[in-house]
Amino acid sequence: MPAHRSAYVLVVRVMGPDSAPGPAVPWQKVLWEHQPYPDNYVDQRFLEELRRNEGIRQYHYWAVVREAGFVGQQLSCVAIFITLWLYMEQGLLSPEKLLLTTLVCALLGYGLHQALTFQVESGCEPRTHLADLQSATLFLSFTFGFSPVLKTLTESVSTDTVYAMSAVMLLAHLVSFPYAQPSPPGSLSLNAALFASVCLASRLPGALHTFAMLSCALLVFALWPCLLQKLRENAPNQFIGVCVGVCLGGVGGLGSLSPGGAVLLALALGSVTLLCPLLLVRLQKQKDNIQGPWDEAEIHEDLSHFLH
Amino acid sequence: MVLKIFFPQCCNRADSGLLVGRWITGHDSAVVLAVIHYPFIPGQVKQYLQQVQAQSGVELSVLGSWSLPTESQEGMESFLRDLSTIFPQERWLQVSRQIGKTGFNCDVLNPAQNGRAAQREAKKKKGEEDEKSDGYAGHKGNNNEEEEKVIFIHYEQRNVMLSQLHPIENGVSDPKTDAPSELRQMFQTVASSQPLFFLDKYDDGPLKLTHWQSEGREASIIAELFKQASVPLCRLISWLLSIWVWVCNIWVFSLYPLRFLASKLSTCVQLSYRTEHMKTLSSPKPATDHTDFMRKATIMVSFLVDVALGVLLILWLYRDNHIPMLANALVPAADHVAKELEELLQWLMGAPAGLKMNRALDQVLGRFFLYHIHLWISYIRLMSPFIEGILWYGGLSACFGLTFALSLFSDMVALLTFHIYCFYVYGARLYCLKIYGLSSLWRLFRGKKWNVLRQRVDSCSYDLDQLFIGTLLFTILLFLLPTTALYYLVFTLLRLVVVLFQGVLHLSVDFINSFPLFALGLRVCRPYRLAEGVKFRVLCDEPGTALHLQMEMNPLKFNTVVQTYRTPTYSCYPKDSWATLVKKLFVGELIYPWKHKSTKTD
């Protein structure tokens, strides 16, 4: 009888984590040692290592707006391009004028680009002027040579198909644009934009129109982001001003042709630039991430000690 | 233990004598080949056996004695028993037969038990008496030694000698690891013992034998004449062949363009194939074994059939003005084909089947192909006076065999439809280039690149120039794809039609070349020569005598005959499976669906 009682008492002691104080052996969070606790036992240190919303960023409204302005700017660029195309199609703009304007803008932009580069540093391997000239010659000759072929490409395709394809491609361009680092252009975004411009350009009445349109597309989609990147790095205030200017220009240009389009564009810009950051900041407060020792291990390698 | 004795049917009624044959190693059986009659001198018998053994390579030995007692020969029993002491052997068979009874009696004497043979005979007699009184049960108790049961298997000696057991083993298997089966050894023994069958009981030599030749010497005058005539014929053929081979090996013909052309023309291939055959036929050595003999015979028969069919064709062709009719029909037919092609191209240059083609490219391609057709028509018009002559001389080639005529026809079809082949190649190359370019530029569109080392697609950061030009080219290729694809499709279909027709011709040539007519004829007329196995029929199963079985040949089935004796040819077979073919068509690779195997020599 006494032996049974002591065994009974012992069992009660072991099984009671929240009522009676446990036995003298402290509980360790290991499984390789034989402990008098069951395997799924945890003491009052449960969930001590829970971390909530670690590494969460606090967004400030106007900083986000400033970044979103870049997205809006790109949207306006697309709108400007479409406007120019509409002008050419309706015959309101002659290809020579467009070509001339494009060339002048390109030269101006190139000058600005070089000025900004020299201003900051002249350290790491700038592209020589010769290389740039080579590239420019290559583009122009290639486009000029292929423009008759490009013109006939979509002759037999129906207009609706062409418009639909262009729209899809421009959307893809906007979605896949590398907003963080536009200077080496993302392949998909640039290619989609060029594809759309070829589709649209082949609808124009003449080969010269096609050539002009393609040069314009090259300027707007390939060269303009490089300049913007430089501006963003070196002159942030002017960058904001340029963005705003481009947005206004887009709305205005579209408005001269179709007011409905302008209204739509303005709405889109407003929502992207002003509404979405608001939503982001508001919703950020609802964020509830938990991290703890149950997450997968992440290896943070510090490679800097290899460099010494 | 059951002892099997293969006994030739021709010796069933032979006079008493010695049994000569072979013990089959590894199995409990013996093959009796002949019976040597009295009188004989044992020394001469041994000498003769050694001589024959040296000539044939078969381990002959005296198996035992055979007695068919007639009225004049009584008291032979003890004489026969004493013979066992003269000829040394493992076991001695004493086979005897009574006239009027069907069954044989056989006693097997082992050397250890030689002395007890007489005892056993006496016991047996006693046992028989007991059996009559006591019944069956007492019989067994009396015999202390094991009684060997003997089975006599009667075989038709001539048939077995000429027969070949299938599947043929050409001595490839190691005799130590898997010994040939009993039946195979028996067949080999009888077939190799030809030198034994030269001496007969009617000859004037020291020994008188009975075997299958005793029933009458078989000889055919035609076969003998043929054998005599074949030697000078072979010499003539080999001399002609050597001249022909010398002509073929003139250095002019070994230059690359001619050699390439010769490998493509099926007439030249067929010529070389037949030359190989003639070389096989005209070798002066006689056939060494069954396979060799069958191959030579098959080649000869197929060649003769080929020539006969060719002569029939010539007879039909050269009478009733068939050749001028054909020649006159040829040029209008070619014109008609060209006109159809032109109409097809005009249709393609418009809006074929409502599809939208790129006008500029359409016009370019259409004009290019039209010009080709124009060239080809002029070429045909140029050749038209010579066509009749060509047909006349070409038809003469059928005297070498129908296969030559068919190969020539196939070559002519290939030459006449050469323009279709050209169109197909242009269309296919253009399409293939386009598909290749498109797939590569599509990868560039997405910013990826093909890693040749790792054979996978990797991401890649391209330069601005590369991206720009790549996108332009991609757009151009994409929009021009439907036009090119349509031209490719049309010309591929045309080419496939021509290829199909040529394939039919080649298949029939191949069939004539390889069909084993001789083997089939042998199977029909002399079925015992191609044996798949044997069947046994019970002849006599009386208690007290041994069991007698009749062995008959089970001839080979017809489709096995065809499969085994097909001549290996440069057969045309489809090189690719259907799935590979469709994939190649889709990608634009050039397809050559019929592949020629090089001539196999065993």
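The values are calculated or read from the model by the stated rules, or taken from the named source; none is laboratory data. It should be emphasised that the depicted structure is a prediction, and the values quoted were computed from it without experimental measurement. Cβ coordinates were reconstructed from backbone atoms using ideal geometry, including for glycine residues, and neighbour counts include every protein chain displayed. Note: accessible area is taken over every heavy atom of the protein model, side chains too, but ligands, DNA and RNA are not part of it. Shrake-Rupley method; radii C 1.70, N 1.55, O 1.52, S 1.80 Å.
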Could you say whether any residue in the stretch B:286-308 is over 23 Å from B:T564 (Cβ atoms) and not assigned by the TED database to the domain that holds B:A398?
yes
A:A297 passes all but one of the listed conditions (1) over 24 Å from A:H60 (Cβ atoms); (2) open to solvent by less than 70 Å² (accessible area, probe 1.4 Å); the exception is number (2)
For helices (runs of 4 or more DSSP H) lying entirely in the stretch A:217-282, having 2 or more residues that are open to solvent by 50 Å² or more (accessible area, probe 1.4 Å) and at pLDDT below 90 picks out A:224-234, A:236-257
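Give, as residue ranges, the helices (runs of 4 or more DSSP H) completely inside the stretch B:418-536 that count at least 1 residues that are in the same structural domain as B:W578 (by the TED database) and among the basic types (K, R). Let's see the steps before the verdict.
Values: elements: B:418-446, B:464-514, B:517-525.
The qualifying helices (runs of 4 or more DSSP H) are B:418-446, B:464-514.
Restricting to helices (runs of 4 or more DSSP H) lying wholly in the stretch B:228-321: which have 1 or more residues that are buried (at least 17 other Cβ atoms within 10 Å of the Cβ)? So that I can check it myself, show each step before the final result.
Values: elements: B:256-264, B:266-281, B:290-317.
Qualifying helices (runs of 4 or more DSSP H): B:266-281, B:290-317.
Is it the case, given these coordinates, that B:I377 is among the aliphatic types (A, V, I, L, M), open to solvent by 30 Å² or more (accessible area, probe 1.4 Å) and either in a helix (DSSP H, G or I) or in contact with a Cys (Cβ under 9 Å, 6 or more places away or on another chain) (or both)?
Working: among the aliphatic types (A, V, I, L, M): yes; open to solvent by 30 Å² or more (accessible area, probe 1.4 Å): no; either in a helix (DSSP H, G or I) or in contact with a Cys (Cβ under 9 Å, 6 or more places away or on another chain) (or both): yes.
Judged against the criteria, B:I377 is not a match.
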Filtering the stretch A:111-130 for residues that are within 14 Å of chain B (Cβ to nearest Cβ) and modelled with pLDDT under 85 leaves a count of 1
Taking the stretch B:444-495 and keeping residues farther than 30 Å from B:L416 by Cα and of a type in the set (S, T, Y) leaves B:S459, B:S461, B:Y462, B:T471, B:T475
Log entry, pairs with first residue in the stretch B:88-111 being surrounded by fewer than 17 Cβ atoms within 10 Å (Cβ to Cβ), second being aliphatic (A, V, I, L, M), beta carbons closer than 8 Å, six or more apart or on different chains, reads B:Q89/B:V62; B:Q89/B:L63; B:I99/B:L68; B:T102/B:L539; B:N105/B:V95; B:N105/B:A546
Expected single match for surrounded by fewer than 18 Cβ atoms within 10 Å (Cβ to Cβ) and either outside any helix (DSSP H, G or I) or of a type outside the set (F, W, Y) (or both) among B:A329, B:A334 is B:A329
Reported set for the stretch A:142-156 where residues are surrounded by fewer than 17 Cβ atoms within 10 Å (Cβ to Cβ) and facing another protein chain (nearest Cβ under 7 Å) is A:F142, A:E155, A:S156
Scanning the stretch B:439-461 for residues that are of a type in the set (S, T, Y) and more than 10 Å from chain A (Cβ to nearest Cβ), the one nearest to B:L481 (Cα to Cα) turns out to be B:S439
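What are the residues in the stretch B:197-251 that are of a type in the set (F, W, Y) and at pLDDT below 80, if any? Please lay out each step first, then the result.
Taking the stretch B:197-251 and keeping what is of a type in the set (F, W, Y), we get B:197-198, B:202, B:212, B:226, B:239, B:244, B:246, B:251.
B:F197, B:F198, B:Y202, B:W212, B:F226, B:W251 - these are the residues of the stretch B:197-251 that are of a type in the set (F, W, Y) and at pLDDT below 80.
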Within the stretch B:461-476, residues open to solvent by 40 Å² or more (accessible area, probe 1.4 Å) and touching a residue at least 12 places away in the same chain (Cβ under 8 Å) come out as B:S461, B:Y462, B:Q466, B:L473
Here the residues within the stretch A:159-218 that are within 11 Å of another protein chain (Cβ to nearest Cβ) and among the aromatic types (F, W, Y) are A:F195
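Looking at A:Y59, A:Y37 in this structure, which one is part of a loop (DSSP other than H, G, I, E, B), open to solvent by less than 90 Å² (accessible area, probe 1.4 Å), in contact with a Phe, Trp or Tyr (Cβ under 6 Å, 6 or more places away or on another chain) and not aliphatic (A, V, I, L, M)? Walk me through how you get there before you give the answer.
Working: A:Y59 fails: in contact with a Phe, Trp or Tyr (Cβ under 6 Å, 6 or more places away or on another chain).
Going through A:Y59, A:Y37 in turn, just one is part of a loop (DSSP other than H, G, I, E, B), open to solvent by less than 90 Å² (accessible area, probe 1.4 Å), in contact with a Phe, Trp or Tyr (Cβ under 6 Å, 6 or more places away or on another chain) and not aliphatic (A, V, I, L, M): A:Y37.
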